[in-house]
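A.B. asks: This structure is in structure tokens; I'll ask about it shortly.
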Amino acid sequence: MSMQDNAGKRPVRLLRNLNAKIASIPMIATALVVFIGCTTWTVVYSFTDSKLLPRLNFVGLDQYDRLWGTRRWLVSIENLAWYGFCSMILTLLIGFTLAALLDRKVRFENTFRTILLYPFALSFIVTGLVWQWILNPDFGVQQVVRDWGWTTFTFDPLYNPQIVIFGILIAGIWQGSGLIMVIMLAGLRGIDEDIWKAARVDGIPTWKTYVVVIIPMMRPVFVTALVLIASGIVKVYDLVVAQTSGGPGIASEVPAKYVYDKMFASQNLAQGFAASTMMLVSVIIILIPWAYLEFGGKKRG
Amino acid sequence: MKTLSKLLATGAFLAAGAVHATELEVTHWWTSGGEAAAVAEFAKAFDASGNTWVDGAIAGSGGTARPIIISRILGGDPMGATQLNHGRQAEELVEAGLMLDLTDIATEGDWANVVNPTSLLDACTLDGKIYCVPVNIHSWQWIWLSNKAFADAGVDTPANWSEFVAAAPALEAAGKVPLAMGQQPWQSNGAFGVIAIAIGGQDLWNKINIDKDADAAAGPEMAKVFEAAVVARQMASKSRVQDWNQATNMVITGEAGGQIMGDWAQGEFQIAGQTAGNEYECLPGLGVNEVISTGGDAFYFPKNDDPAITAAQKELAKLMISQEVQVAFNLKKGSLPVRGDIDLSAANDCMQKGLQILADGNVMLSGDEVLSADTQGQIEDLMVEFWNDPSYSAADAQAAYAAIIADAD
């Protein structure tokens, strides 16, 4: 109070932190134009019959009707659901386990950390190609095991339509868990050493300390990790292109690939827009309840 | 290091020397051995005219390259010239006024009379103006057979589709793949198209693809086609290669009995030093219905503000359709020339067969000419699923096919 009295008149709210506000104008403009503007444009044109070039000839929900009547799209959605569900759980589980192991003050921790993080430095295309070779039944894992003498061994996920999405999942997890491990490790390092000491004094077993004390304390870290994994799931495209091109048949198609193929290869912009709008809608459906739980309601300390 | 700097110096020298000539970037997707040799003929002829051909080959296939080409044109970064297939792929680009009008040089070169069949020029024409140069005729309707594979299996090389089907068990017993097939979507789609024209005949094909008659697509004639395709799927079930030229290579090495593929496969046999009638045989229309489609490649010239580039574009257009370049290019490419007035006695047996069919007028339009890219894409999706899923029955596939034809535009 006395500070304000000394300063005399209370400054205009809009002009407070003027520099910071000016500095953030480009970011706000980008967000409005690129995110809101382009999204709106896409949604509007998804109700038209645009082919190679966008045109405003509205056809109602025709594009959506066709979309949900297309087998390829339904397969894509199903694949994304499986990939997303498994990738979310496994990446978190593997990432956290590796981080916890590294956090037990092992020798050569730096070396292990580097090795485990390396896959993340590779692009999805390279990862996809490498795993395409490893999983190739003629010179990959299957052949190696057969050369050892187990001649009936079969492991060809990329050539089996029933499980092909899990072949892609393997590559996705191999690539993604390193990053999650590093984030988790940073989180674990942020836990006060005294908490460990207190737990030890109370005689709580290590695993139980992790489950009931450490993990709840790392909630913000888990949220960050979840957001990173989720965004990776929705946009999965290059892995599929590099590993299977959507094959065998259409068994490993994903929504992002459908959007690309319709927009560019089939010269049917509106159909691609309709598909990408559906992707956006599904993200929003998941995001809004979560954001409400996380940020809404009463502010947490 | 020394070699590197030498190379750089040479490069700089070459670049400096080329200042006066107009550079024209030409994009295309001809990257396999035979194709690259053919496109080099264009480059040679264009360079000889005092201009510079900047090669913009895009690896992959048309499916990969076309989106790149189209987005460059739409994005305001047009190349000097670009390959596209005849037909409706560039329809909207032309309508939007993005392509150079070539009517003046077409009149000058009397294209209306030299181009044979005339449907090729029709596919380049919009509202009486000509927007592209057809450079070759490619037909899909061929099966390539390996004499070695059949000799190894102890059977005669078949002369038509039903003999081929009958020989399949012998091939399998000899450890061969009866039918080689790549996994790219356009290959699945193309092979089906060939089977459709061979088994169903041209009237049926026209009814479905030109008149978009969904009843015909669902009818009993088409059911036979789908049953034949199921047999072909069975024969190709052990083929695991991706690219078409890998599949052709299986035929070249005698690992596979045959491959249904367009006449561009011929260039691969040529590069491998094989000749028709000795190491391999070719059957147009699967030996049943000898017709060939007259689709093919054409070059489009995106509009450019620079008059020097426009002049070079017209120069290149003239060259591409000239008699000498047509002969040189098509011999390497294994495709048929677009002019009826040139001598191709140097062509091999298979090309002679094609030329004869062309001269007899047994020609049909190509899928690219009659169906929109969107419909083609839908059929492609269906075919990819059908060829790869052994449990996808002929009847189900036919029903899905008829539904697509009913919605086609």
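A.B. asks: How long is the gain from B:Lys44 to B:Asp156 if the chain were fully straight, where each residue apart is worth 0.36 nm and the alpha carbon distance is subtracted? Provide the component values of the computation, followed by the final result.
C.D. replies: Numbers: separation 112, 0.36 × 112 = 40.32 nm, distance 4.29 nm.
Contour length minus Cα-Cα distance gives 36.0 nm.
A.B. asks: A follow-up question, please. Highest first, please rank the peptides B:344-354, B:29-39 by the mean number of other Cβ atoms sitting within 10 Å of their residues.
C.D. replies: On the way: B:344-354: 16.7, B:29-39: 19.7.
The densest-packed peptide leads the list: B:29-39, B:344-354.
A.B. asks: Please report, in whole Å, how far the alpha carbons of the range A:125-216 spread along each principal axis, starting with the longest.
C.D. replies: So the three principal-axis extents are 56, 31, 23 Å.
A.B. asks: Magnitude of the Cβ-charge dipole of the protein assembly as shown, K/R +1 and D/E -1, about the Cα centre, nearest 20 debye? Walk me through the numbers on the way to the answer.
C.D. replies: Values: 48 positive and 70 negative charges, 926 e Å.
Result for the protein assembly as shown is approximately 4440 debye, rounded to the nearest 20.
A.B. asks: Let me ask you something else. Under a cut-off of 20 Å between alpha-carbon atoms, report the lysines in cross-link reach of A:Lys105, not counting same-chain residues fewer than 8 places apart.
C.D. replies: Partners found: A:Lys197, A:Lys208.
A.B. asks: I'd like the orientation of helix B:373-388 relative to chain B: the angle between its Cα long axis and the longest Cα principal axis, in ° from 0 to 90, rounded to 10.
C.D. replies: In chain B, helix B:373-388 runs at an angle near 40 degrees to the longest axis.
A.B. asks: Can you list, by residue number, the Cys in the protein assembly as shown that have no neighbouring cysteine C-beta under 4.7 Å?
C.D. replies: A:Cys38, A:Cys86
A.B. asks: Taking the Cα-to-Cβ direction at A:Ile195 and at A:Leu93 and moving 7 Å from each Cα, how far apart do the two end points lie in nm?
C.D. replies: The two pseudo-label positions are separated by 2.4 nm.
A.B. asks: Using the charge dipole of the range A:67-295 (Lys, Arg: +1 at Cβ; Asp, Glu: -1 at Cβ; taken about the Cα centre), state which of A:Pro248, A:Thr151, A:Leu101 has its Cα farthest towards the positive end.
C.D. replies: Ranked along the dipole, the leading option is A:Leu101.
A.B. asks: Arrange the peptides A:82-94, B:263-275 so that the one whose residues have, on average, the most other Cβ atoms within 10 Å appears first. Could you put the intermediate results ahead of the total?
C.D. replies: Values: A:82-94: 17.2, B:263-275: 20.5.
Per-residue mean Cβ counts within 10 Å order the peptides as B:263-275, A:82-94.
A.B. asks: Shielding of B:388-394 by partners, i.e. mean partner chain Cβ atoms within 10 Å per residue?
C.D. replies: Working: counts 7, 5, 2, 1, 1, 0, 0.
Whole-number average of other-chain Cβ neighbours for B:388-394 is 2.
A.B. asks: GNM, chain B, Cα, under 10 Å: largest mean-square fluctuation among B:Ile210, B:Ile143, B:Ile195?
C.D. replies: The residue with the greatest mean-square fluctuation here is B:Ile210.
A.B. asks: Ok, one more. Under Stokes-Einstein, with the Kirkwood radius over Cα pairs standing in for Rh, what whole-number D in µm²/s applies to the range A:50-101 at 4 °C and 1.567 mPa s? Kindly include the intermediate steps, with their values, before the conclusion.
C.D. replies: Details: Rh = 14.4 Å.
The Stokes-Einstein estimate is 90 µm²/s.
A.B. asks: Along the positive direction of the dipole of the range B:165-302 (beta-carbon charges: Lys, Arg +1; Asp, Glu -1; about the Cα centre), which of B:Ala168, B:Gly190, B:Gln259 reaches farthest?
C.D. replies: Checked the options; the winner is B:Ala168.
A.B. asks: At 222 nm, what value in deg cm²/dmol follows for chain B if DSSP H runs of at least 4 each add -39500 (n - 2.57) and the sum is divided by all its residues, to the nearest 500?
C.D. replies: It lands at -15000 deg cm²/dmol.
A.B. asks: Going by C-beta contacts inside 10 Å, put B:Ile252, A:Ile125 in order with the fewest on the left.
C.D. replies: On the way: B:Ile252 24, A:Ile125 13.
Ordered by Cβ neighbours within 10 Å, fewest first: A:Ile125, B:Ile252.
A.B. asks: Now for a separate question. Which of the listed residues, A:Ser87, A:Gln267, A:Leu226, is farthest toward the dipole's positive end in the range A:67-295, when Lys, Arg count +1 and Asp, Glu count -1 at the beta-carbon?
C.D. replies: Comparing the listed Cα positions along the dipole, A:Leu226 ranks first.
A.B. asks: Here is a further query. If I require 24 Å or longer along the helix axis, counting alpha carbons, and a Kyte-Doolittle average no lower than 0.0, what helices from chain A are left? Use full DSSP H segments. Spell out each step's value before the answer.
C.D. replies: On the way: long enough: A:71-102 (45 Å, 1.27); A:164-189 (38 Å, 1.89); A:269-295 (36 Å, 1.66).
Membrane-span-like by this rule: A:71-102, A:164-189, A:269-295.
A.B. asks: Determine, from the Cβ-Cβ distance of B:Ala173 and A:Met27 and an R0 of 60 Å, the FRET efficiency 1/(1 + (r/R0)^6), rounded to the nearest 0.05. Please list the in-between numbers first.
C.D. replies: On the way: r = 69 Å, r/R0 = 1.16.
For R0 = 60 Å, the calculated efficiency reads 0.30.
A.B. asks: In Å, what Kirkwood hydrodynamic radius results for the range A:1-135 from the alpha-carbon pair distances? Before the final figure, lay out the partial values.
C.D. replies: Numbers: mean 1/r = 0.0452 Å⁻¹.
One decimal place: 22.1 Å for the Kirkwood radius.
A.B. asks: Further question: In nm², what is the average projected area of the convex hull enclosing the Cα atoms of the range A:67-295? Numbers along the way, then the final one.
C.D. replies: Details: hull surface 65.1 nm².
Its Cα hull, projected and averaged over all orientations, spans 16.3 nm².
A.B. asks: Compute the helix-to-body angle for B:161-173: its Cα long axis versus the longest principal axis of chain B, expressed 0 to 90° and rounded to tens.
C.D. replies: 80
A.B. asks: Just how many % of Cα pairs in the protein assembly as shown lie over 34 Å apart, if you round to the nearest whole percent? Working shown, then result.
C.D. replies: Numbers: 144087 of 251695 pairs.
Every Cα pair in the protein assembly as shown considered, those over 34 Å come to 57 percent.
A.B. asks: Let me ask something else about it. Compare B:Ala112, B:Ala399, B:Ala96 in a GNM of chain B, Cα atoms joined below 10 Å, and give the one with the largest fluctuation.
C.D. replies: In this elastic network of chain B, the residue with the biggest mean-square fluctuation among B:Ala112, B:Ala399, B:Ala96 is B:Ala96.
A.B. asks: Sticking to Cα atoms, compute the Rg of chain B to one decimal and its Dmax as the biggest Cα-Cα distance, whole number, in Å.
C.D. replies: 21.9, 71
A.B. asks: Please order B:Asp203, B:Asp152 by the number of other Cβ within 10 Å, starting at the fewest.
C.D. replies: Values: B:Asp203 10, B:Asp152 17.
Ascending Cβ contact count within 10 Å gives the list B:Asp203, B:Asp152.
A.B. asks: Rounded to the nearest 500, what is chain A's calculated 222 nm mean residue ellipticity when only DSSP H runs of at least 4 contribute -39500 (n - 2.57) each, over all residues?
C.D. replies: -20000 deg cm²/dmol
A.B. asks: Determine the alpha carbon to alpha carbon distance for each of A:Lys51/A:Lys257; B:Lys148/B:Lys238; B:Lys224/B:Lys332; A:Lys262/B:Lys318; A:Lys51/B:Lys129 and list only those over 26 Å.
C.D. replies: Working: A:Lys51/A:Lys257 18 Å; B:Lys148/B:Lys238 19 Å; B:Lys224/B:Lys332 37 Å; A:Lys262/B:Lys318 35 Å; A:Lys51/B:Lys129 23 Å.
In this structure, B:Lys224/B:Lys332; A:Lys262/B:Lys318 exceed 26 Å between Cα atoms.
A.B. asks: Calculate how steeply helix B:220-235 sits against the longest principal axis of the alpha-carbon atoms of chain B, using the helix alpha-carbon long axis, and give the answer as 0 to 90 degrees to the nearest 10.
C.D. replies: With rounding to tens, the tilt is 90 degrees.
A.B. asks: Might you report the magnitude of the Cβ-based charge dipole of chain B about its Cα centre, with Lys and Arg at +1 and Asp and Glu at -1, to the nearest 20 debye? Before the final figure, lay out each step's value.
C.D. replies: Working: 22 positive and 52 negative charges, 242 e Å.
Taking the Cα centre of chain B as origin, the dipole is about 1160 debye.
A.B. asks: Across peptide B:92-105, what mean number of C-beta atoms from other chains lies inside 10 Å of a residue's C-beta? Could you put the intermediate results ahead of the total?
C.D. replies: Numbers: counts 6, 3, 0, 2, 2, 0, 1, 0, 0, 0, 0, 0, 0, 0.
Counting Cβ atoms of other protein chains within 10 Å of each residue's Cβ and averaging gives 1.
A.B. asks: Can I ask one more? Which whole number gives the average count of other chain Cβ atoms within 10 Å of the Cβ atoms across peptide A:46-58? The partial results should precede the final answer.
C.D. replies: Values: counts 0, 0, 0, 1, 1, 6, 13, 7, 0, 1, 0, 0, 0.
Mean shielding by partner chains, rounded to a whole number: 2.
A.B. asks: Explain nothing, just the number: dipole magnitude of the range B:74-131 about its Cα centre with +1 on each Lys and Arg Cβ and -1 on each Asp and Glu Cβ, in debye rounded to the nearest 20. Walk me through the numbers before you get to the answer.
C.D. replies: Values: 2 positive and 10 negative charges, 33 e Å.
Dipole magnitude for the range B:74-131 comes out near 160 debye.
A.B. asks: Also: Under a GNM of chain A (C-alpha, springs under 10 Å), which listed residue has the highest mean-square fluctuation: A:Gly172, A:Gly232, A:Gly190?
C.D. replies: Top of the fluctuation ranking is A:Gly190.
A.B. asks: May I ask you to list the residues of the range A:232-273 whose amide nitrogen lies under 20 Å from a point 7 Å from Cα along the Cα→beta-carbon direction of A:Ile163?
C.D. replies: Residues A:240, A:243-253 fall inside that zone.
Any read-out appearing in this document is the output of simple, stated calculations on the displayed coordinates, not a laboratory observation. Just so it is clear, the model here is predicted, and its values are computed rather than measured. Counting neighbours? That spans all protein chains shown, and the Cβs are built from the backbone with ideal geometry, glycine included.
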